[in-house]
Amino acid sequence: MKKYSFLLLVLSVIGFKNLIAQTPIQINTKSTTRHGPEKGSLLIIGGNVGNTPAVWNKFVELSGGKDKAKIVVITAAAGDSAAYRFQDVEQIKKITGIKNVSLLHTGNLSEANSEKFIAPLKQATGVYFLGGRQWHIADSYLNTLTHKAFFDVLNRGGVIAGSSAGASIIGSFLWRGDTKGAQILVGDHTQGLGFLKNSAIDQHLLKRNRQFDLVDFIKKSPELIGIGLDEATAVLVQRDTMEVLGKSYVAIYDYNTIVGGSNHVKGNQEDFTASSGPFFFLSEGQKYDLRNRKVIRNPRTAAKPDTNN
C-alpha cells in the first residue's frame, strides 16, 4: 500500500487572523509534481457546465470511454437530501452515454472510514463531485479511507472531476469554505481534499463578479497558485500541465504576477498572455505550466511577407 503522510498547512504564513485550522490533508510528500497529480487527471469545472461538449467529451475519454468507464458521483456538497438525488446520476448518464454511473453519499465520517462504503471506488475509473457547499464534502471525507480511495483512483490513472463546490474541494486550501456562507472567503473550513496541491480554487468567476477575490489572499500566500474558473469552463490538469476547456475564461493568480506584473511587450511583439494587473486570463486551448508558473506558448507559423505594398 502506498504510504501517505500528513502535511499541516501553516496558516500563519497566510496572514489572515482567526483562522480555524482543520485536520491536515493527506498527500504524498515524495511527489515529483508541484501542484498536479503524479498519475491520472483532474477536470476542474467552474459550475453550470450544462451540456458543454468539450468538457464532457474529455471526461468520457479520461474515464475510459462510454463502455468501459465506471463513474462514482459524490453528492455530499448538497447536504443530506442528496442521498436520494438519483436524477444527477441519470443526467450524467444521459449527457455522457456512460452506463455504469453510481451515487455515493454519506455525511458520516465513520461510514466514510469503512471498507464496505469504499467498495465502489475500488473499481472506479472516474469520480465526479457535484456542487453545493464545499464544507459538506470536507466534513464527510477529509482524511478518511474514502479520501485515500479517491487518491487511489488517480494512482490507477483515472480522473477526478468536480463542478462548482466540487471544483473548490479539489484544491488544498478550501476557498469559500465557511459554514455561514460563500461570501466569507476564508472561513471555518480551510482544508480541501488536496488533489491539486498548493492551490486555492474559485468558481462562477465572471458570472458572479468574483475575479478580484483571490488577489489579496495569494499575495499573502506565495506558495499557493490561485485558479478562478468561469461557468461552463474547465481546466484539465495532468501532472503540472493545465489546459483550458469550455466556453469562457480561467484566471490565474500567481504571487509574482500580483506584486511585479509584466510589461506586456517582448522585443517588438506584444505578449497577449501577460498582464500588468494582479491576474491574467486563459481561454480554451491555452496551456499553463504550473511548476514554472508560465504560459505554454503554442508555436506560430511565421507570417508570409506582404508583397502587395
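No lab work stands behind these numbers, since they all come straight from the coordinates. Model, not experiment: these values are computed from the prediction. Here the Cβ positions follow ideal geometry from the backbone for every residue, glycine too, while neighbour counts run over all protein chains shown.
Where does each of TYR128, TYR255, TYR84, TYR249 land when they are ranked from fewest to most other beta-carbon atoms within 10 angstrom?
So the residues, fewest neighbours to most, are TYR84, TYR255, TYR249, TYR128.
Stretch SER31-ALA119 to full length: gain in nm at 0.36 nm per residue minus the Cα-Cα span?
29.1 nm
Please arrange TRP56, TRP175 by counting, for each residue, the other beta carbons lying within 10 Å of its beta carbon, fewest first.
Fewest-to-most ranking of TRP56, TRP175: TRP56, TRP175.
Once you list every other residue whose beta carbon is under 14 Å from the beta carbon of THR33, what net charge do they have if Lys and Arg are +1 and Asp and Glu are -1?
For residues surrounding THR33, the net value is +4.
Please state the charge dipole magnitude for region 64-180, taken about the Cα centre, from unit charges on C-beta atoms (+1 on K and R, -1 on D and E), reported in debye and rounded to the nearest 20. Walk me through the numbers before you get to the answer.
Numbers: 14 positive and 9 negative charges, 76 e Å.
In debye, rounded to 20, region 64-180 gives about 360.
Assuming 0.36 nm per residue, please report the length gained on full extension of the stretch LYS39 to GLU223 beyond their Cα-Cα distance.
64.0 nm
I'd like to know how region 50-92 sits against the 2.2 N^0.38 Å rule of thumb: what's its Cα Rg over that expected value?
Compactness ratio reported: 1.31.
Using r as the Cβ-Cβ distance of LYS94 and GLN183, and R0 as 30 Å, what FRET efficiency do you calculate, to the nearest 0.05?
On the way: r = 34 Å, r/R0 = 1.12.
Using R0 = 30 Å, I get an efficiency of 0.35.
If each residue's Cβ is checked for other Cβ atoms within 10 Å, how do ILE225, ILE45 rank with the fewest at the top?
Details: ILE225 26, ILE45 29.
Arranged by neighbour count, lowest to highest, ILE225, ILE45 become ILE225, ILE45.
Scale the Cα Rg of region 186-247 by the rule-of-thumb value 2.2 N^0.38 Å and send over the ratio, two decimals.
1.16
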